[in-house]
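The values are calculated or read from the model by the stated rules, or taken from the named source; none is laboratory data. All of these numbers come straight from a predicted model, not from anything done at the bench. Note: ideal-geometry Cβ built from the backbone for every residue, glycine included; neighbour counts use all protein chains shown.
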Amino acid sequence: MADTARPMTGAAPGKPFSIRTQPGFTTIAIICFFLLYAPLLPLVAYSFNSGNSLAYFEGLSWRWYVSAWDNEFVQDAALRSLVLAAAASFLSTILATMAALGTTRTRPYRGQTLIYAMINQPLMVPEIVTAVALLIMFAAIKAATGYHGMAYLIIAHTAFCIPFAYLPIRARLEGMDTSLETAAADLYATPWMAFRRVTLPLLWPGILAGAMLAFVISLDDVVITEFVKSPGQDTLPTYMLGQLRRAITPEVNAISSVLLAISVLVVTIFFFLNRKMQ
């Protein structure tokens, strides 16, 4: 009599493996989230402190938010941070879209894996290494040209943000049905027309997600900005770092809370865009 017993597996027949079904997953996830976000609660709470202390809460007040709003140095740094993040996000998203199309909408070719690794190099190499390399290169250019403007920061942030924009755009392209693009080509559409009328509308959620992720990364960056910037080019993160070296007041907490709120808002939009992409 033939043995018809089914082989033992770790998952029920017909059901894919899911980490969520493993014992203790929920408990471990809650503990990890608590350890990640619990330190942020005192920061936000003390941003509403009416006193000057970071250790004693003396009452609720908007004092430090008003102080930060009226601070000319904060205004200047905030404006510079937003302009820099917007420029870096725009340029890195364009370059990331071109790179994603070049690595997904072509036949496999020699060196494709190397190109993929080079695009994602800033994710693998420590940020301090990238910052030092950019410092050395830009120092030579500054000495040769005498130019010390914002272009260096924009180039540096753009280069660092490309892989962050590239990943969601590539993921969107890989999940798209290519039959519509093929049909457009069969109907004598030029490559540019097929891209503009078919590929781009379908790719738009991925492009927006990549742009927002690049914007947040640029807005929060400290290491590369600190190494590349010239005097008088402080962004909000580097301004806050300078304040921590001098006198610490709850004004830093207020600025941090605003940055946190912006980051949470952008990441939430990114999450819902990702759900739409699926």
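Computed values, structure above
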quantity: Pairs with Cβ under 6 Å, 6+ apart, first in segment 249-272 and surrounded by 13 or more Cβ atoms within 10 Å (Cβ to Cβ), second modelled with pLDDT of 85 or more and of a type in the set (Val, Ile, Thr); calculated: Ser257/Val44; Ser263/Val216; Val266/Val216
quantity: Filtered residue count, segment 193-234, keeping only those that are under 19 Å from the mean Cα position of the chain (by Cα) and hydroxyl-bearing (Ser, Thr, Tyr); calculated: 2
quantity: Single unsatisfied condition, Ala100 versus (1) of a type outside the set (D, E, K, R); (2) more than 29 Å from Trp204 (Cβ to Cβ); (3) in contact with a Lys or Arg (Cβ under 7 Å, 6 or more places away or on another chain); (4) part of a helix (DSSP H, G or I); calculated: (2)
quantity: Condition met for Ala254 (over 14 Å from His157 (Cα atoms), among the small types (Gly, Ala, Ser) and assigned to a helix (DSSP H, G or I)); calculated: yes
quantity: Residue tally, condition of a type in the set (A, V, I, L, M) and under 28 Å from Ala88 (Cβ atoms), over segment 163-215; calculated: 16
quantity: Filtered residue count, segment 86-127, keeping only those that are surrounded by 12 or more Cβ atoms within 10 Å (Cβ to Cβ), at pLDDT 85 or above and under 19 Å from Val228 (Cβ atoms); calculated: 9
quantity: Val228 touching a Pro at 6+ places or on another chain (Cβ under 9 Å), of a type in the set (Val, Ile, Thr) and either modelled with pLDDT of 85 or more or farther than 16 Å from Phe164 by Cβ (or both); calculated: no
quantity: Within segment 16-63, tally of residues that are over 30 Å from the mean Cα position of the chain (by Cα) and of a type in the set (Lys, Arg); calculated: 1
quantity: Identity of the residue in segment 115-148, part of a loop (DSSP other than H, G, I, E, B) and free of Cβ contacts under 8 Å to residues at least 24 places away in the same chain, that ends up farthest from Leu200 (Cα to Cα); calculated: Gly146
quantity: Cβ-Cβ under 8 Å pairs, at least 6 apart or on other chains, segment 189-212 side farther than 22 Å from Phe271 by Cβ, far side of a type in the set (Asp, Glu); calculated: Ala194/Glu181; Val198/Glu181; Thr199/Glu181
